[in-house]
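Q: Before we start, here is the structure in question, set down as structure tokens.
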Amino acid sequence: MRAGTVVAVCGHESDGGHALRDLVGPRVPCVSGGRELFRRVRAARSRGEDVCVVPMTLGRDPELVADTARTLLGLTPEERAGTVLAEPFGTAEHLVGWLRAAATRAPRDRALLVTAPSGDPFADADLFRIARLVRQYGRHRTVEVALVGGDPDPAEGVRRCRALGAERVVLLAAAWVTPRVPGPAHCESGGPLLTASATAGVLDARVRDAWHRRDRHGDDGLPRALTATHGHGHSHSHGPDGHEHGHGPDGHAHHRAGDGGSARQAVGAPACAPAAPAPAASSDPHALPSSRSLR
């Protein structure tokens, strides 16, 4: 793997990176998007260092991926020559797998409360889908959802589990943030979603794959990342001769090819990016199986 700087760009799933610092260690700076990311990459490139940027979403923040790509488009050609954007740390399918693994550590008679910081309405709705899959392919009868900073919050989630007959509730973190236990008398934390060693292994795999695509195929990861928000949100048609567009967190935005579904652009970035190449087959040894039944 090429030597260089790895930058972890963080969003609401990690409280802006605060929940990640103990997991990734001092060798990987955790930054928020936009100007902080831009300054960090530009400083590293000015020192002659190659840079790999990894969006640290667990699959519930596609806007973080697209915003990161738009920010990197603002770099000069010389700065971009040594910069790559890795695939997101995780997808929703990875998250289901990680939660299923965490659920196996909880006694069967416990209720599970899947918790994560609230995002946009579509990310929050997707958490309910993820929790349903954890229940479908797990052994726990009761699996509920709680949103930190949203509705239902963890305290309400615990009350719901208790109302359904659960004596004890285990909080499963579906984010980097580990939620506070609202009632220790009848609930407990399931701990962090991933250990530091598991996080480091996945991160190294993302970085290795990113440089492989750059060195073998000239792919810096930006065109593909710009389309990350496509399909995030609902869409409808304006009739048989109309067009389809999504209603994402930025409002009634009409999607143009390559704009990532958002009108926001980095300074100096082109209005339209080239079509994304077909993604290469994954060589990630840490990828988990999909949430489909293995029976």
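Q: In the range 192-216, what residues are touching a Ser or Thr at 6+ places or on another chain (Cβ under 7 Å) and under 20 Å from residue 115 (Cα atoms)?
A: 192
Q: Please indicate, with yes or no, whether at least one residue in the range 148-156 is modelled with pLDDT of 95 or more, hydrophobic (A, V, I, L, M, F, W, C) and touching a helix residue (DSSP H, G or I) at 6+ places or on another chain (Cβ under 6 Å).
A: No: the range 148-156 contains no residue that is modelled with pLDDT of 95 or more, hydrophobic (A, V, I, L, M, F, W, C) and touching a helix residue (DSSP H, G or I) at 6+ places or on another chain (Cβ under 6 Å).
Q: Can you tell me how many residues in the range 162-210 are under 21 Å from residue 101 (Cβ atoms) and part of a helix (DSSP H, G or I)?
A: Residues flagged as under 21 Å from residue 101 (Cβ atoms) and part of a helix (DSSP H, G or I) within the range 162-210 amount to 11.
Q: Taking helices (runs of 4 or more DSSP H) that fall entirely within the range 4-99, which contain at least 1 residues that are buried (at least 20 other Cβ atoms within 10 Å of the Cβ) and in contact (Cβ under 8 Å) with a residue 40 or more places away in the chain?
A: Hits in the range 4-99: 21-24, 35-46, 62-72.
The values are calculated or read from the model by the stated rules, or taken from the named source; none is laboratory data. All values derive from a computational prediction rather than experimental measurement. Cβ: placed from backbone, ideal geometry, glycine included. Neighbour counts: every protein chain shown.
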